[in-house]
Amino acid sequence: MPAVPTTPFPASTILGYPRIGPDRELKRALERYWDGGSTAEELRAAGARIRERTWRRLDALGLAAAPCNTFSYYDQVLDTAVMLGAVPGRHRGASALDTYFAMARGTRDVPPLRMTKWFDTNYHYIVPEIGPDTVFTPDPGKPVAELREARALGFETRPVVVGPVTFLLLSQPAPGAPERFAPLDRLGDVLDAYERLLAALAAEGAAWVQLDEPALVADRTGAELDAVRQAYERLGSRADRPGLFVASYFGDLGEALPVLAGTPVEAVGVDLVRGRTPVEALGDALAGKTVVAGVVSGRDVWRTDRDRALDRLRVLRERVERVVVSTSCSLQHVPHSLEPETGLDPALVARMAFADEKVTEVVELAALLATAPPVAGGEPGESGAPEEPGEPEESGGTRRTGGSGEVLAGPVPPAEAHPAPAVTPPVWESRSPYAVRAAAQAEHLGLPPLPVTTIGSFPQTGELRAARAAFAAGELDEGAYEERVRAEIERAVRLQERLGLDVLVHGEPERNDMVQYFAEHLDGFAVTRHGWVQSYGSRCTRPPILHGDVGRPAPITVRWAEYARSLTGRPVKGILTGPVTIVAWSFVRDDLPLREVAFQVADAVRAEIADLEAAGISIVQVDEPALRELMPLRRAGQGAYLHWAVAAYRRATSGVDDRTQIHTHLCYSDADQILAAIDALDADVTSVESARSRGRILGEPMVRDFARGLGPGVYDIHSPRVPGPEEVGDLLDAVLRALPAERVWVNPDCGLKTRTYAQVEAALANVVTAARRLRETLAQPSSSSSV
Ligand code: MET
Ligand SMILES: [Zn+2]
């Protein structure tokens, strides 16, 4: 079969663009529609406006090739599932849009599909369900419609879809699938569907299609690599298709590189920011192909080192068919534009780039490359991997940490022998043995068996949000705002007392967000006005910019915790965000290894804990829900990452008295995959998500051996549903079957901020009822364990 007639790939492109709209237009349109305040037509019109704006903007910025189908009403993996027709029967609704949102968000009667993090980002995708009986009924309608829509506006675009291998690797077996079934078993049928898609796009005159295959940058088995080969040989062998551009990102292709290189795909996208393969080797491997070179980071907010990028592009150009300048991944992970950020320090802004500024960098680099002379004789060393010669592995890649632990790839340092300290020593003083601490805490706190507590936040009421907005706008003075916060604390404390919880919290009413609040009160951070990044669906966060040395000029949470303590005789738990989560959910400076930055944050948290302790707070919870998220995608780097992540946590928490009880909390993060690291945090009590995943974590052997307090969640806070006392009791029974009673804590899966007071009051009442019932059973002499 002759090569497909392809138009040469244009000189500059991006892999994707933010889709929430510069003013979060999509969020508003979605939420209005979900609340019944607008029609499907109005929602579609809002989507069309965002897409039109995007194409016009990219054109105005001078980008040669814009993508299409990067817009989504909820998530691109969900879009792919729908495009393939892989829709679970239980989600089918009256209209396509109803079905789509039923999969994403559930309905009153049917829970949604599972949602989880997209690789090592804080973006969440919807997990498709594929079974042996899934019938694929492909409908390329969405990419085709976007292609036409752009064309009608005068733009030739490249449709982007999730590739078949990544799609199947990210899917989970449908309920009822046999034990040994894996979604990848359905590759052949899925490829039929992709062939139909490619034919439809070719018929529309699409010159190129982008198939995203980020799953190829993680460790893959031989069978999975065979699937890659099979997929792209088959898709590539067709004549009625656009040029195939397979985009990898978030790391190196590794063993998938030669596999992909051996297939007929015309273009391969490589992440030159995260990847460490020298460009010479990449170029040699991809000699006959177009290489879409991701030199501008889609994962951070920093300007690109232009000279270095250009050097690498030139080396690559010598070796391959064609080089296209691009971003390392979709720009959906960064905010739209720096333009509205008038409040930031101009010196900082000069170092920064959001999506639009990154597009400009891509365009400029493409122009520079076009006129740059060829490289003379290869100039060895100029273009290599990020390490500086002689630089220790641990601090390698300091130019671009990009929020990844991957720069720390390498042999796992043994627990005792730390490498030479770079900035701050990764040491902590060990706390006393757990048994000693536990005895001191039991005596000091006098808690009942199965103590009931919450994770920290209480509902953020409309009044509270309004007061915060008015305070930010200067319409409410600080005194009045703080009065409001104190009133909320009092409300939460009174409720917890009345319901009979054992360890109370102040409810976090002063926090807009668990990371941003700390960023606003620490040195070294800047916060943006409009720097929104989609987290999932209509949810967006504004990650703070961690740009300098971190310091804590004054106590942050102490007065709120103290106020709560003054209202009650019961123990109050102080709540802080941990160092790993703070760096994971910020855009972090790239001139220091992430580890060093995390240690600086840990020192600030440590100082805050000391002040809480001095103020008489005997229980402090340090949340680390992002512990797993930052884990390098390849096993080779994971040990070293977990080592420093645990070190940062222990550095923050190890300075306390034996009597002070340290809690930690992780949620919705596949905690079961990192139990050894969670154990190594050495927290006295750990709470984890469990209700939502129906107790999956309880089956883990490590959980049974967990030596300290553990609170597997018994209330799924993501749902407005209030679980009855029996339902909570059943979950608690399951916990008690898995763990000795003396180690069990009773708590929800996560914080309560997104729920209403009515839901929280009813649910917590049932949690307390269930715990008390079980406590009585435990007190029966027949029951075995001594509590
Ligand atoms: C995503 S974890 C949230 C923990 C926080 N303390 C809360 O209760 O909201
Ligand atoms: Zn949580």
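The values are calculated or read from the model by the stated rules, or taken from the named source; none is laboratory data. Fair warning: this is a prediction, and the values are worked out from it, not measured in the lab. Positions of Cβ are generated from backbone atoms using ideal geometry, with glycine treated the same way; all protein chains shown enter the neighbour counts.
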Point to revise | Exclusive hit being away from ligand 2 (no atom under 16 Å from the Cβ), under 24 Å from the mean Cα position of the chain (by Cα) and under 24 Å from GLY551 (Cβ atoms), set GLU508, GLU520, GLU429, GLU478 | key: GLU520
**Study point:** Filter pass, ARG635 being in contact (Cβ under 8 Å) with a residue 40 or more places away in the chain and either touching a helix residue (DSSP H, G or I) at 6+ places or on another chain (Cβ under 8 Å) or not assigned by TED's automatic domain parsing to the domain that holds PRO448 (or both)
**Key:** no
Exercise for review: Could you look through segment 644-687, keep only residues that are within 16 Å of ligand 2 (Cβ to nearest atom), without any contact (Cβ under 8 Å) to a residue 60 or more places away in the chain and of a type outside the set (Asp, Glu), and pick out the one that is surrounded by the fewest Cβ atoms within 10 Å (Cβ to Cβ)?
Suggested key: ILE674
Exercise for review: Show the residue pairs that are 6+ apart or on different chains and have beta-carbon atoms under 6 Å apart, the first residue being within segment 186-212 and of a type in the set (Asp, Glu), the second being at pLDDT 95 or above and surrounded by fewer than 22 Cβ atoms within 10 Å (Cβ to Cβ).
Suggested key: ASP189/PHE136; GLU204/VAL144
Review point. Identify, please: which residue in segment 746-759 is more than 11 Å from ligand 1 (Cβ to nearest atom) and surrounded by fewer than 24 Cβ atoms within 10 Å (Cβ to Cβ) and is, among those, farthest from the chain's Cα centre (by Cα)?
Key: ALA758
Exercise for review: Considering every residue within segment 600-613, establish whether at least one is farther than 30 Å from PRO571 by Cβ, away from ligand 2 (no atom under 16 Å from the Cβ), in the same structural domain as ARG659 (by TED's automatic domain parsing) and part of a helix (DSSP H, G or I).
Suggested key: yes
Revision key, fill the gap. Within segment 225-240, the count of residues that are buried (at least 21 other Cβ atoms within 10 Å of the Cβ) and either of a type in the set (D, E, K, R) or in contact with a strand residue (DSSP E or B) (Cβ under 8 Å, 6 or more places away or on another chain) (or both) comes to 2
Review point. Given the conditions (1) within 16 Å of ligand 1 (Cβ to nearest atom); (2) assigned to a loop (DSSP other than H, G, I, E, B), and given that ARG659 satisfies all but one, which numbered condition is not satisfied?
Key: (1)
Check your understanding: Only one of VAL722, VAL760, VAL714 is away from ligand 2 (no atom under 16 Å from the Cβ), at negative phi and among the aliphatic types (A, V, I, L, M); which?
Key -> VAL722
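Quick grid of which residues meet (1) touching a residue at least 60 places away in the same chain (Cβ under 8 Å); (2) under 27 Å from ASP657 (Cβ atoms):
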site	(1), (2)
PRO448	yes, yes
SER457	yes, yes
ASP523	no, no
SER538	yes, no
Review point. Restricting attention to segment 154-165, does a residue exist that is under 28 Å from ARG694 (Cβ atoms) and of a type in the set (Val, Ile, Thr)?
Key: yes
Exercise for review: Tell me, please, whether a residue that is more than 16 Å from ligand 1 (Cβ to nearest atom) and either touching a residue at least 12 places away in the same chain (Cβ under 8 Å) or in the same structural domain as ILE575 (by TED's automatic domain parsing) (or both) can be found in segment 505-519.
Suggested key: no
Point to revise | Test result for PHE181, on the phi > 0 side of the Ramachandran plot, assigned by TED's automatic domain parsing to the domain that holds LEU235 and either of a type in the set (A, V, I, L, M, F, W, C) or assigned to a loop (DSSP other than H, G, I, E, B) (or both) | key: no
**Study point:** Hits in segment 534-559 (condition: closer than 30 Å to GLN76 by Cβ, β-branched (Val, Ile, Thr) and crowded, with 22+ Cβ neighbours inside 10 Å)
**Key:** ILE545
Review point. Condition test on LEU764, is it part of a helix (DSSP H, G or I) and within 16 Å of ligand 1 (Cβ to nearest atom)?
Key: yes
Revision key, fill the gap. Those residues of segment 542-578 which are touching a helix residue (DSSP H, G or I) at 6+ places or on another chain (Cβ under 8 Å), farther than 28 Å from GLY500 by Cα and assigned to a strand (DSSP E or B) amount to ILE545, LEU546, HIS547, ASP549, VAL550, GLY551
